[in-house]
Amino acid sequence: MNNKNVIADTEPDYGVDSRYKTLRDREQDGVELMQARLDRIKNLSKEQILHAKLVQLKLRMEDYLKRPVHGKQSHFIGFLKAYIDTIYSNRNKFAADINVTPVLLSKVINNHQEPRKEFMLKLMVHSEKVFENIAEFPEQTWYQIYFYDKLCDTMSSQDKWRPEIEKQVKVAELIAK
């Protein structure tokens, strides 16, 4: 039996296929890996970094939509800010690109106004164009996130709205089982 198998059998923290004989070896390998990553990041172009950030944002959005409905949500605004700030150095440039006023954009971003249908359509088309050569970006993504926030908010605040609504709703004929 070689030394690798002895460690795997006696120290389960290292895992069955561990390459490390000691904790120090594992830590040193971690330091070397981090340094290699940093060296690689230093050599990336601005365009590669932008692509990576956009793909990361897309994956975060997809992950959010897979979560079960819970709690008051407001991820749409956070994703919108991240999207704009990743691409533009100035939010007014984004507003100009989608042909909305900077005031309207500010109201939407600061949650003082709900985004209207036209704003959402422009955001959808803008995202399609941005992601065109980067990754697949389903056109319905922004709508899904926006309405998923609304759904989560509605479901988590039932204790506020449900008692009054239940007083107003009647079922004239019950359906037999």
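The values are calculated or read from the model by the stated rules, or taken from the named source; none is laboratory data. None of the values given here were measured: they were computed from a predicted structure. Heads up, the Cβs are rebuilt from the backbone with ideal geometry, glycines too, and the neighbour counts pull from every protein chain shown.
A compact table of results
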item	result
Condition check for K58: basic (K, R) and without any contact (Cβ under 8 Å) to a residue 60 or more places away in the chain	no
Complete set of residues in segment 43-86 that are in a loop (DSSP other than H, G, I, E, B) and surrounded by fewer than 17 Cβ atoms within 10 Å (Cβ to Cβ)	N43, L44, S45, R67, P68, V69, H70, G71, K72, S74
So V130, is it β-branched (V, I, T) and under 14 Å from K58 (Cα atoms)	yes
Any chance F94 is part of a helix (DSSP H, G or I), touching a residue at least 40 places away in the same chain (Cβ under 8 Å) and closer than 20 Å to E114 by Cβ	no
Any hit, segment 112-122, residues being without any contact (Cβ under 8 Å) to a residue 12 or more places away in the chain, of a type in the set (A, V, I, L, M) and in the same structural domain as L65 (by TED's automatic domain parsing)	yes
Segment 132-145 residues that are under 18 Å from A52 (Cβ atoms), paired with ones that are among the aliphatic types (A, V, I, L, M) (beta carbon under 7 Å, 6 or more apart)	I134/L54; I134/V55; A135/V55
Scope segment 99-150; condition part of a loop (DSSP other than H, G, I, E, B) and crowded, with 17+ Cβ neighbours inside 10 Å; matching residues	V100, P115, F137
